[in-house]
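Input: a single structure, listed below in structure tokens.
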Amino acid sequence: MQKQCRFNKGLFAVILILGVLACSDLIEESIEDKVVVIVTPTDRTISTNYTQTFWWEELKYALNYRLQIVYNKFDSAAEFRLDTLLSTNKFSITLKPAKYQWRVEAINGSSKTAIETIQSLRIDSASIEGQDILLTSPGNGAITKDTDFNFQWEALPGATDYRFQLYYSSNNTIVLDSTVRTETSFNYVIERDSVYYWTVTAKRKDVYSNPSEAWKFTLDRESPDSVKLVSPLSGANVSSPVTLSWSGPSDPGLAYYEIYIFKGSTGTPFSDKYNPYKTANDASSLKKSFTFTEGSLNDRILWKVRAVDKAGNKSSGEKTRTFIIN
């Protein structure tokens, strides 16, 4: 007797829909026929403001934007003022008096906008009074353990001096008030851990620009507390895979953990992967466990964990443990 196969239309439809959805996740939408819509500055703008913010509408499916600014015109002899790749739809820059053209290209993993919108811009000479200064480094909100700072900002056309001011953020007490001659950077060593902010003002004779935006940064040289290993217990016989767990410091500035895994008690890393393994590579960098899937029967494994904060400080004094794979 021959069996008959029954076709389940409902089940087939569900499978088909799931297949289409899965494929749509893998196929990236093309943006070749799309246009980047410019917000500001509009075409043929004439301005006496040296600091300009280039802004355009976000384009769906775009991952990045390429912003190009040239002196005069885009041609074979174009001199670029800027050619940069951005993840945002807004960028500020200081421009000297001149004629410019600029354009924006949207990009994703498989395509880019092919239709160009070239904008013209002219910057005319003006007094530095009321002009804006752009800071560049260290970035606003930076956290570091390095005490040697190199503060940088963009040059303002016409400025002959810059006033650099550094403050404690907690009480607005001034740390340093210094004049920098023509240079657009200033080196300074800071000895005290604290949160600071800094500003720069341009000067020409008795005329001043607007003070820059105040940028904040943190100097932090204090190491996190030591990590305490939880399991497996030292000398334990365990089956593979092995879940390593620990308790970490309750530090809001904690960034991730480093896991060191060695062969036996020789101090030789089990592999380059564990010299060390950084949990910053994982979805949750502050997860307090790790599954070790390597090793062979009767291997003796030694391990330890360090905490690392956002300034790059590492905990110390951690104890090590061993386990044997059975």
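The values are calculated or read from the model by the stated rules, or taken from the named source; none is laboratory data. Quantities reported herein were computed from a predicted structural model and do not represent experimental measurements. Here the Cβ is made from the backbone with ideal geometry for all residues, glycine too, and neighbour counts use every protein chain on show.
Pick out the one residue from Ser315, Ser234 that is outside the structural domain of Arg192 (by TED's automatic domain parsing), within 27 Å of Val195 (Cα to Cα) and of a type outside the set (D, E, K, R).
Working: Ser234 fails: within 27 Å of Val195 (Cα to Cα).
So the residue among Ser315, Ser234 that is outside the structural domain of Arg192 (by TED's automatic domain parsing), within 27 Å of Val195 (Cα to Cα) and of a type outside the set (D, E, K, R) is Ser315.
Which of the residues that make up segment 231-252 are exposed (fewer than 14 other Cβ atoms within 10 Å of the Cβ) and without any contact (Cβ under 8 Å) to a residue 24 or more places away in the chain?
Ser250, Pro252
Would you check if there is a residue in segment 110-130 being in contact with a Ser or Thr (Cβ under 6 Å, 6 or more places away or on another chain), buried (at least 16 other Cβ atoms within 10 Å of the Cβ) and either more than 30 Å from Asn150 (Cβ to Cβ) or polar (S, T, N, Q) (or both)?
Within segment 110-130 (the criterion being in contact with a Ser or Thr (Cβ under 6 Å, 6 or more places away or on another chain), buried (at least 16 other Cβ atoms within 10 Å of the Cβ) and either more than 30 Å from Asn150 (Cβ to Cβ) or polar (S, T, N, Q) (or both)), the answer is yes, since at least one residue qualifies.
Determine if segment 182-198 includes at least one residue that is under 23 Å from Asn49 (Cα atoms) and at pLDDT below 95.
yes
Which of the numbered conditions does Lys3 fail, given that it passes all the others? Conditions: (1) charged (D, E, K, R); (2) modelled with pLDDT under 95; (3) closer than 30 Å to Ile123 by Cβ.
Going through (1) charged (D, E, K, R); (2) modelled with pLDDT under 95; (3) closer than 30 Å to Ile123 by Cβ one by one, Lys3 breaks only (3).
Does at least one position in segment 274-286 carry a residue that is of a type outside the set (S, T, N, Q), within 25 Å of Val195 (Cα to Cα) and outside the structural domain of Asp148 (by TED's automatic domain parsing)?
Checking segment 274-286: at least one residue is of a type outside the set (S, T, N, Q), within 25 Å of Val195 (Cα to Cα) and outside the structural domain of Asp148 (by TED's automatic domain parsing).
Tell me, which strands (runs of 3 or more DSSP E) wholly within segment 171-247 include 3 or more residues that are among the hydrophobic types (A, V, I, L, M, F, W, C)?
Answer list for segment 171-247: 174-181, 194-204, 215-219, 242-247.
Any idea which of Thr136, Thr160 is closer than 14 Å to Ser209 by Cα, without any contact (Cβ under 8 Å) to a residue 60 or more places away in the chain and polar (S, T, N, Q)?
Thr160
Among the candidates Lys203, Lys99, single out the residue that is among the basic types (Lys, Arg), assigned by TED's automatic domain parsing to the domain that holds Tyr50 and touching a Ser or Thr at 6+ places or on another chain (Cβ under 9 Å).
Every option except Lys99 fails the conditions.
Could you list, in sequence order, the residues of segment 31-50 that are assigned to a strand (DSSP E or B), among the hydroxyl-bearing types (Ser, Thr, Tyr) and within 17 Å of Lys99 (Cβ to Cβ)?
Thr45, Ser47
Quick one: Gln152 ticks every box in (1) outside any strand (DSSP E or B); (2) modelled with pLDDT of 95 or more bar one, so which box is it?
Every listed condition holds for Gln152 apart from (1).
Identify, by number, the condition in (1) surrounded by fewer than 14 Cβ atoms within 10 Å (Cβ to Cβ); (2) of a type in the set (Gly, Ala, Ser); (3) within 23 Å of the chain's Cα centre (by Cα); (4) not in a strand (DSSP E or B) that Ala62 doesn't meet.
(1)
Would you say Thr218 is within 23 Å of the chain's Cα centre (by Cα), hydroxyl-bearing (Ser, Thr, Tyr), surrounded by 15 or more Cβ atoms within 10 Å (Cβ to Cβ) and at pLDDT 95 or above? Before you say what the answer is, go through the steps one by one.
On the way: within 23 Å of the chain's Cα centre (by Cα): yes; hydroxyl-bearing (Ser, Thr, Tyr): yes; surrounded by 15 or more Cβ atoms within 10 Å (Cβ to Cβ): yes; at pLDDT 95 or above: yes.
It is true that Thr218 is within 23 Å of the chain's Cα centre (by Cα), hydroxyl-bearing (Ser, Thr, Tyr), surrounded by 15 or more Cβ atoms within 10 Å (Cβ to Cβ) and at pLDDT 95 or above.
Being at positive phi, surrounded by fewer than 14 Cβ atoms within 10 Å (Cβ to Cβ), modelled with pLDDT of 95 or more and not acidic (Asp, Glu) is true for just one of Gly312, Gly317. Which residue is that?
None of the others qualify; the one that does is Gly312.
Take Ser169 and tell me if it is under 20 Å from Leu95 (Cα atoms), surrounded by 13 or more Cβ atoms within 10 Å (Cβ to Cβ) and outside the structural domain of Pro97 (by TED's automatic domain parsing). Talk me through it step by step, then tell me what you get.
Numbers: under 20 Å from Leu95 (Cα atoms): no; surrounded by 13 or more Cβ atoms within 10 Å (Cβ to Cβ): yes; outside the structural domain of Pro97 (by TED's automatic domain parsing): yes.
So Ser169 does not fit the description; no.
Any residue at all in segment 253-260 that is over 30 Å from Gly158 (Cα atoms), of a type in the set (Phe, Trp, Tyr), under 24 Å from the mean Cα position of the chain (by Cα) and surrounded by 16 or more Cβ atoms within 10 Å (Cβ to Cβ)?
The answer is yes, given that some residue of segment 253-260 is over 30 Å from Gly158 (Cα atoms), of a type in the set (Phe, Trp, Tyr), under 24 Å from the mean Cα position of the chain (by Cα) and surrounded by 16 or more Cβ atoms within 10 Å (Cβ to Cβ).
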